[in-house]
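Each value in this text was obtained by applying a stated rule to the coordinates, not by laboratory testing. Remember, it's a predicted structure, so these values are computed and weren't measured experimentally. Because the Cβ atoms are built from the backbone with ideal geometry, glycine has one as well, and the counts that use them run over all protein chains shown.
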């Protein structure tokens, strides 16, 4: 419901004014009528997009998570306290402390820059609050000037709007890799991994760094150019800043999250180091006080150091020591190349990652992990044969290497060498019996071989290990689906959507299973769920429209087809379904236009021509109808219904001889076609009557002449 001023919710909170409005709710200032003071509070209203049980269950879970986190974090003086949370009329409400003041965007106006000292103090204050948040294993995900309020009462910053928070603990599920989340945050302050739905604690560090650069430069984030080669933000030329602070800010906003400070505490420590008195150093030789200390040699001197080390090794230990030293250097460099490859692989820069892995194995040919990385990069680049060779190299180095066996299985599956892929996955499950992902992959390959029962057994193993593994439940349902055991399929789909209620694909296949059981209403409900969670899901819109047409719910079908056509404007099936719905709704002129659009997409569609003819027939435009029927039978000679309808139109024009020929064509292609037989017989009688009438008239005329 839309809250009105003066309305009371929760039995005690009287709405005073509205603060903001969003797609999922609104924020209000309210007065707590159960307290004697005049202190107001903030009421945040969260409105689910739908009110069905599944959506409400999901919304309730997310709402309770946010409330628990707010309650936990609200003990900090610079985070709003949570006073209450409740559900009313299938909508959810949070009641929080009202922070009086202006947000930081009022201070960081475009073109206005702060001093270096002011920026350091600002960053320290934000990071101090954020350190408390990170200590509770929570990522804020939307740090920006609008979510930092300068409190009037004491001038301190307060971090608000925890609606986008994510608990780090929910990113890992029994050893699986991170579960990606929806991209949340404000553009410009949101790093790449967060935009891809995989936020980290260092994602918040990035946002704070951007705020600091905005304060230093007076430029909004969108104005700052990006280096096309490195992905790093270029900002130093826009301000005068010490190298030390610039280095800290650069590390905060690194493109690669691994290169940033891992938490707010680490970033805060780096800033505090800037403000500490410089440590005393012992002067050597003629170094002046302003010269850099001896232990801060530049990178260009490092090769000289390495040469000196090798020379010393030769002097001290001879050639054997030299070889050992070179091997040590190669190993170190190989590790660096490997680590670079790992970072680039995670950033999906596969060509660059491959180059790094190649360098690692050149330097250290027995580097199994680098061969594995090379295989993963090659597989991602669509080179499964080469990837297979890399995985085999890794296995030769380390026979019991489950990750390499798993990669080998993936490469073989891509090459459609399914039996060998299953054997590779079997090696993984021997080494790691609890690897649910491999059990699932094994099932997928068995599905390729149409061994549906065997696939179900593999999925069952995965589900024994991890009962809430939604993907395995879904694939298990698909296996039963292929076995035409639709009731069993639906049971598995039900478990899949129970554990992952926002999966459009799960709901869609559930709907298809209901269609096969002729349970059309249930099918429509599932399709509606699919498009609720994925509004651009063409197949679900089209399937929904088709079933609604079958249920004679043409108005609802039309709405579904309209959505499908928006997504795929030239899709024949959706256009035809839409035209048919308009036809059945007796919106004939619109139907004619719709059929014309179908025919433009598929000119040889006999059925579209036939139905277009039927619309003209209904409108008693028989000549146009005949022209359309002519096109239908031209594209499909055996279209007996079009021949019959053509004959009917000819009868209405009293062209009986042509009509008889059309009826005969209909009966040629369908001898037991009752309508055509009846039409033919009736037309023959009419033709006989006309002949008799003509004969009688002729006789009467002869009699008169006599």
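Odds and ends about this structure:
- FRET efficiency, residue 420 to residue 562 (Cβ-Cβ, R0 45 Å, nearest 0.05): 0.40
- A Förster distance of 30 Å, applied to the separation of the beta-carbon atoms of residue 482 and residue 572, puts the FRET efficiency at 0.65.
- Three semi-axes of the equivalent ellipsoid, segment 462-617, Cα gyration tensor, whole Å, largest first: 35, 14, 13
- Helix 640-652 vs. the chain, principal-axis angle (Cα, 0 to 90°, nearest 10): 50 degrees
- Take the Cα of residue 195, step 7 Å toward its Cβ, do the same at residue 29, and the gap between the two points is 3.7 nm.
- Modelled spin-label separation between residue 465 and residue 550, with each label point placed 7 Å from Cα along the Cα-to-Cβ direction: 3.8 nm.
- The orientation-averaged projected area of the convex hull spanned by the Cα atoms of the chain comes to 50.1 nm².
- Once both labels are positioned 7 Å from their Cα atoms along Cα-to-Cβ, the gap between residue 146 and residue 4 label points is 2.9 nm.
- Mean projection area, nm², convex hull over Cα of segment 101-275: 10.2 nm²
- Segment 483-539: C-alpha gyration tensor shape, a/c 1.5 cut-off, then a/b vs b/c: oblate
- Ranked list, fewest to most other Cβ atoms within 10 Å of each Cβ, for 92, 86: 86, 92
- On Cα atoms only, tilt of 588-601 relative to the major axis of the chain in degrees: 60 degrees
- Ranked list, fewest to most other Cβ atoms within 10 Å of each Cβ, for 672, 389: 672, 389
- Relative contact order (%) - the chain, alpha-carbon pairs under 8 angstrom, separation at least six: 4 percent
- For segment 1-149, the convex hull drawn through the C-alpha positions has a volume of 136 cubic angstrom per residue.
- With respect to the chain, whose longest principal axis is taken over its alpha-carbon atoms, helix 572-584 is tilted by about 50°.
- Only Cα sites of segment 525-597 enter the Debye sum here, all with the same form factor; the resulting log10 I(q)/I(0) across q = 0.13, 0.18, 0.24 1/Å is -0.32, -0.59, -0.99, listed in q order.
- Percentage of interatomic Cα-Cα distances in segment 632-682 larger than 13 Å: 46 percent
- Full extension of the chain segment joining residue 623 with residue 153 gains 160.8 nm, where the gain is 0.36 nm per residue of separation less the Cα-Cα distance.
- Relative contact order (%) - criterion: Cα under 8 Å, at least six apart; region: segment 8-97: 24 percent
- Fewest neighbouring Cβ atoms within 10 Å first, the residues 461, 406, 430, 491 line up as 430, 491, 461, 406.
- Mean shadow area of segment 416-490, taken as a quarter of the surface of its Cα convex hull (nm²): 4.5 nm²
- Here the peptides 255-267, 207-219 are ranked by packing, the mean other Cβ count within 10 Å, and the order with the highest first is 207-219, 255-267.
- Contact order, relative form, for segment 101-275: 26 percent (alpha carbon pairs under 8 Å, 6 or more residues apart, mean separation divided by residue count).
- Alpha-carbon Debye profile of segment 587-673, log10 I(q)/I(0) at 0.23, 0.25 Å⁻¹: -1.04, -1.17
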